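Each value in this text was obtained by applying a stated rule to the coordinates, not by laboratory testing. Since the structure is predicted, the reported quantities are computational estimates derived from the model, not experimental observations. Cβ placement follows ideal geometry from the backbone for every residue including glycine, while neighbour counts extend to all protein chains displayed.
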């Protein structure tokens, strides 16, 4: 087995087929993005442009969320979905979609467009229409063949594919934008847009009740913190903590904090040292002393199992300052933990590209919302692409162009779609035309029925010689030929 290919495919398969196993999905499934589609309507599939002279009427952008959704899920009023558009005249626009507690979506942007709809219905207002709700997952994929691909390369694709995503649903947001409402491009016969989407959590639990439990530093066995997140009807959630350990003289020490407010993944509170009262039957509540404030403590959690605690002493001759990493020692049985702090959670552009990013960089990549910095991931993309290129048994690049070329292209992880062209040919057709360079008579983008798996593999690995056939004719159910285009849910 080629070890580099094995590492690549493991990461790729994790991102592609099992998003619920990623950090993003496990923590915040309604903000975890599956796929993005961008295509013109009506389209015209015709060779050479015959019958495709008329401009298309509408750009359709479909974002799928939470692969494997069951229908019990609801959209969150604490999550906004951003759709970003930049054309070849460097004009940038966006549309933001937010949900109310009673499940009404409102999408606004693109120079004043606005439309609303109750989840499950279509809303239309002027040049914008919107749908949000549970739909069939339009992606198809053969997990068994991809797993075999790790061992035997392209021989795994023998034309007898089985769709591993058949019967799977997603939450979806679909926009229809009149092309006449979109800013014009740099040339009269083209208006090339780059499109991507992101999910942003604007509020949420941050530190929540699931963080209650024991936390400790493994290098300081014998002391640690007990954390409690408690709720009250008047003040919401408050953070309490209790320290058990030793003071500067090695004497046993018990400290408690006052109730403190929670700010995302942080909580800061005054610390009190207790004394008196006695033990067991000798307990005397009248002799108990809460004591003076001996310092302050700040907890900052990286995730549900790791954090940092910083103690600032009021008198370092009595108690020393310290800052320690802490790890979870115990938790409440039956309570799933999620750190839902306000931030960008996920982003998506072209299919597959996130799967080329190493797993230990996945969260950082998902949170990066500045396309100008995405080139920083070119080296990681190149390493994965070079591993992929060996899958035909030849370590040389046999696909269209080299890994360096594709790494630079894929670093700008946005779908390209020409909204002036009605003819649709296939995914990556504009990118290939730009590399020649030559003009194109194609809207490209990503349509629901593009077999992007086949295109990606053939372009990257073999230049279609030999042709890699995934054996799948398309989605397990027919997509609609009208808005919202995605098939109804199973």
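Here are some notes:
- Segment 430-490: radius of gyration and largest Cα-Cα distance (Dmax), Å: 14.7, 44
- Gained length - residue 478 relative to residue 143, 0.36 nm times residue gap less alpha-carbon distance: 118.5 nm
- Note on 230, 419, 40: ascending count of other Cβ atoms within 10 Å places them as 230, 40, 419, the fewest first.
- Cα→Cβ-extended label distance, 7 Å offset, between residue 96 and residue 230, nm: 3.7
- Global form of segment 64-156, assessed from the alpha-carbon gyration tensor, a/c cut-off 1.5: oblate
- Rounded if a/c under 1.5, otherwise prolate or oblate - segment 297-349, Cα gyration tensor axes: oblate
- Only helices enter this figure: runs of n ≥ 4 DSSP H residues, each worth -39500 (n - 2.57), summed and divided by the residues of the chain, yield -4000 deg cm²/dmol at 222 nm to the nearest 500.
- Counting other Cβ atoms within 10 Å as a rough exposure proxy, the listed residues 327, 421 run 327, 421 from fewest neighbours to most.
- Inverse mean reciprocal Cα-Cα distance (Kirkwood Rh) of segment 209-328, Å: 15.2
- Kirkwood hydrodynamic radius of the chain, from inverse mean 1/r over distinct Cα pairs, in Å: 25.3
- In degrees, nearest ten, helix 3-17 long axis to first principal axis of the chain (Cα): 90
- Helix 143-152 axis versus longest C-alpha principal axis of the chain: approximately 90°, rounded to the nearest ten.
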